[in-house]
Amino acid sequence: MTGLRIRDAHPPDTVTWIERPHMKLATAPDPDSRQIKLRRELATKPGRLMAALGFALATTAAALVVPLLVKEIITAFATDQSMRTPVIWMCVAAVGGAAAQALSGFLLARTGEDLIYRLRNRIMDHALRLPLTRIKVEGTGNLAARITSDALMMRMVVDLGAQLPIAALTVVFSLAVMVWIDWVLSLVTVVSLAIVTCVILSLLNRVKANASGQQVAIGQIAQRFTSTLDALTTIKAYRAETLASRSLGEDAGALRDVSLKGARLEALIPAITSLGNQFAMIAVILTGGARMAAGDIQIAEFAAFLLYLLQTIPPATTLTTGFGRLQMGLAARSRCNELLAMPIEADLTAERSTLVPAPGAPAVVFDKVSFTHHGADHATLRDVSLTAPRRGLTAVVGASGAGKTTLLSLIDQFEQPAAGRISVLGHETDLWPLDGLRARIAYVDQAFTLVEATARENLQLGRTTPATDSQLAAVLEAVGLTDDIAALPQGLDTLLGRGTDLSGGQRQRMALARALLSEADIVLLDEPTSQLDGINEQRFRDVVDELAQNRAVLVVAHRLSTVQHAEHVIMMGEGRVIDAADHHTLMERCQAYNDLVATQAIFTEPAMSR
């Protein structure tokens, strides 16, 4: 690794952050602006929406004209007059109404899809900016339900937002014409429809509550199924498919039960509507027959009235059933608004700006820091004080559960300490803009996570400027990945994460290469050698030595042989710092460190004497 130089200059050292925030959380400047208000969203494309509504009104107008033309045709039959004109106009109205309906439907669909596209992007962007603790509490499956089932329900609201006003207008205008034809029959119709409407409105609140319950159940089963797939290798290895399937079945059963309650409510609405329509029809026919017998209404007028009544039933049904579906969409909107109301981390889209690292200041300082994980009954870190120098290798060692990984999470502000202060490059973390802080830190987690992107993109995560091909080649050679990447179908431009993926050891070395290529002042490595063989472990030591020449490298180490030459070793136990010094000093004065070394069979006497 001698002579390897691939690191670019630091980001500009300018002071632009003055105000000290109390928490590393932020909300949009106007919290109300992130909330989903469907009327506001629909108004973003007023021209298209107005055109869709205009075509819908034209469809309604054409439908209203047809019964009157039928009345003219019947009258023409009775008086032996020409039917040519009303027939032509009826055909024009039918064809024009159909064309207008098709155009209105397409424009509404376009408006709806654009709206849901924007809302999905907003929800996904907001979710990515939530603190990691909130993501864990909510669950990935539950969050995914916001952009799947919830989004589909909100998409339904868009259609209803246009359908319900048009249906209402159709009913109103039809009733107006019906009153003009015969007010007595119209009164019978209105009374019948009013009774049906009152019964259905009493069910709508229960429909909305049930819809919200269904979405929660969908989120729960999605969360469990996602977690099960992530653990599928272990499940198969221990033949636990039956156990996993049983747990999923329980969630599916809960979803079925709440959905059945909703199905009963939804089944009642069209049934009641249909029954009410039939009673209205019977009442109108009986009343109309009596009025025709009395000579109060002509047969042509009664035929037109019946056509208007038949024409009124579908939009009236749309109104009653649509309000039930609207409640489901509004429940989905409420769930999405709950997510959008959650505080996010400080805005990472702001202009990249940082404090000036204080000259000569340590890389990291913990001053009496304590931390407790969400839901835990005891502290993970207790009164921790430590210092990591500005240059060189610092190893953090200790038994499992000692709090080593939590230290790294606090440095990168994935978590917030409950007490104490943390300084990075001479400034407390509260003073750093979050984007500026993380621009100074490269982080390699235990899972050696790669994003679903090309190998080239994975290597350059976090860089402000693209790396050259020679820089990429240098880091791949440094970690022993040159041949592995060359063997991929499209080399560096191969998409990783689905059909093509890397082995555990390859992913580990890829993550190390990313850290090597980064522009960061501080490199955090969490158990970076757990899947490396002896040859690649030696490469790792060379990489770390190269990094440590001009950066601070903090390594949470499992294999002590990889960090025994560290200038600074921090021994932790039960959430506390037991001792800190170099390897030889700790061997002389720290019994806990001696005990840890004794458990490492790889730690031979010759290695210790280096």
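The values are calculated or read from the model by the stated rules, or taken from the named source; none is laboratory data. Keep in mind that this is a model prediction, so the values were computed, not measured. Every residue, glycine as well, gets a Cβ built from its backbone with ideal geometry; the counts of neighbours run over all protein chains shown. Quick note on the areas: whole protein, heavy atoms, side chains included, nothing else; ligands and nucleic acids left out. Shrake-Rupley method; radii C 1.70, N 1.55, O 1.52, S 1.80 Å.
Things to note:
- Simple spin-label estimate for GLN490 and GLU241 in nanometres, 7 Å along Cα-Cβ: 3.4 nm
- Surface composition of the range 234-318: carbon and sulfur make up 65 percent of the accessible area, probe 1.4 Å.
- In this structure, ASN550 and ALA419 have a Cβ-Cβ separation that, at R0 = 30 Å, corresponds to a calculated FRET efficiency of about 0.35.
- Across the cross-link table entries LYS368/LYS404; LYS136/LYS404; LYS136/LYS261, which are compared at the Cα atoms, the separations over 23 Å belong to LYS136/LYS261.
- At the residue level, HIS427 shows approximately 40 square angstrom of accessible surface with a 1.4 angstrom probe and all protein chains present.
- For the range 138-274, accessible area per residue (1.4 Å probe, heavy atoms of protein chains only), Å²: 52 Å²
- Using a Förster distance of 51 Å, the FRET efficiency for THR465-ALA254 (Cβ separation, nearest 0.05): 0.50
- In the assembled protein chains, PHE302 presents an accessible area of approximately 20 Å² (probe radius 1.4 Å).
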